[in-house]
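Colleague: Please see the structure below; I have some questions.
The values are calculated or read from the model by the stated rules, or taken from the named source; none is laboratory data. All of these numbers come straight from a predicted model, not from anything done at the bench. Cβ placement follows ideal geometry from the backbone for every residue including glycine, while neighbour counts extend to all protein chains displayed.
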Amino acid sequence: MLPSSALKDLLHIRGLTRGEQVLLCLAADATAPRSVADIKRLAQSAGLRRVKDWNVSDMLARMNGQAIRTDQGWELTSAGRNAAAALLSRHSIAPTVAPANAIRSLLARITSTSARDFISEAVACLEFGQLRAAVVFSWVGAAALLQERVIANHLAPFNVEAKRRDAKWKDAVSIDDLARIKEFDFLQILEAISLIGKNAKLELESCLKLRNACGHPSSLSIAGHRVASHLEILLLNVYVPFTA
């Protein structure tokens, strides 16, 4: 729920307890459970060298249900994420907690590790109020997944439909070739070849419009819940189904 790059500043805030420091390490880039060794390595890389002598497992076990140990390692519970968010807020680092928590619950459904890591960074942007970045970053990843699926399984019908719409279309053979077509037109072809349905296409068009508005200087104002909705649409209609 926070980028690991921020730990170098966060872990050295005056007055933090050892438990709070460990909690922050577990919250950093929290896309998967962490072993004690991973937590210590992350803390040491952020300059908290004395962590090597701490009993991290015991500290996590005493956190009143804020962290749990699974077969894969330690991870935050909802109470733990809220505690980390409250800690950050107390030190004037206020993430967008409620909408981001709802989005993070969907990440486990993404089977591709690389895709999950990519969208997790967009969620981190949402949590820290970098709303335009969250919109743009999440769309870039979603578009790439759709392009990859076309190249892998639907290239022939895609080229037929593209040529039907534009007689000058030169058959695509790679993802770079697909970049020649406007993203709006790309979505129309995906619907035409039944890669996505009509309603999904309409929602993705809205996501594309928001991405275009956020990708350039404009007077548009957006808030966390709007961006969370954008991420949710992309997760449910692209990231989850197209990484299976």
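Colleague: Can you report the number of residues in region 123-150 which are over 20 Å from Ala228 (Cβ atoms) and either of a type outside the set (A, V, I, L, M) or touching a helix residue (DSSP H, G or I) at 6+ places or on another chain (Cβ under 6 Å) (or both)?
Modeller: Going through region 123-150 one residue at a time, the tally reaches 4.
Colleague: Can I ask one more? Does Ala37 meet the test of being loosely packed, with under 13 Cβ neighbours inside 10 Å and of a type in the set (A, V, I, L, M)?
Modeller: So Ala37 fits the description; yes.
Colleague: Could you tell me which residue of region 155-187 is nearest to Glu205 (Cα to Cα), considering only residues that are basic (Lys, Arg) and part of a helix (DSSP H, G or I)?
Modeller: This residue is Arg165.
Colleague: Hey, another quick one. Out of Ala192, Ala223, report the one residue that is surrounded by fewer than 18 Cβ atoms within 10 Å (Cβ to Cβ) and closer than 30 Å to Arg81 by Cα.
Modeller: None of the other options fit; the residue is Ala223.
Colleague: A follow-up question, please. Checking His230 against (1) in contact with a His (Cβ under 9 Å, 6 or more places away or on another chain); (2) in a helix (DSSP H, G or I), which test does it fail?
Modeller: (1)
Colleague: If Cys214 passes every condition in (1) within 18 Å of Val123 (Cα to Cα); (2) modelled with pLDDT of 95 or more but one, which one does it miss?
Modeller: Looking at each condition in turn, Cys214 falls short on (2).
Rundown of residues vs (1) surrounded by fewer than 20 Cβ atoms within 10 Å (Cβ to Cβ); (2) at positive phi; (3) at pLDDT 85 or above, yes/no style:
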{"residue": "Ile110", "(1), (2), (3)": "no, no, yes"}
{"residue": "Ser114", "(1), (2), (3)": "yes, no, no"}
{"residue": "Glu121", "(1), (2), (3)": "yes, no, no"}
{"residue": "Leu131", "(1), (2), (3)": "no, no, yes"}
{"residue": "Phe137", "(1), (2), (3)": "no, no, yes"}
{"residue": "Val150", "(1), (2), (3)": "no, no, yes"}
{"residue": "Trp169", "(1), (2), (3)": "yes, no, yes"}
{"residue": "Ala172", "(1), (2), (3)": "yes, no, yes"}
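Colleague: Give the residues of region 22-71 that are more than 21 Å from the chain's Cα centre (by Cα), under 16 Å from Ala108 (Cβ atoms) and among the polar types (S, T, N, Q), sorted by residue number.
Modeller: Across region 22-71, the qualifying residue is only Thr70.
Colleague: Also: Can you name every residue in region 138-161 that is in contact (Cβ under 8 Å) with a residue 40 or more places away in the chain and more than 25 Å from the chain's Cα centre (by Cα)?
Modeller: Hit for region 138-161 is His154, nothing else.
Colleague: Of all residues in region 85-98 being under 18 Å from the mean Cα position of the chain (by Cα) and outside any loop (DSSP other than H, G, I, E, B), which is modelled with the highest pLDDT?
Modeller: My answer is Ala85.
Colleague: I'm trying to understand the selection: among the residues of region 206-227, which are of a type in the set (Ser, Thr, Tyr) and in a loop (DSSP other than H, G, I, E, B)?
Modeller: Ser218, Ser219, Ser221, listed by residue number.
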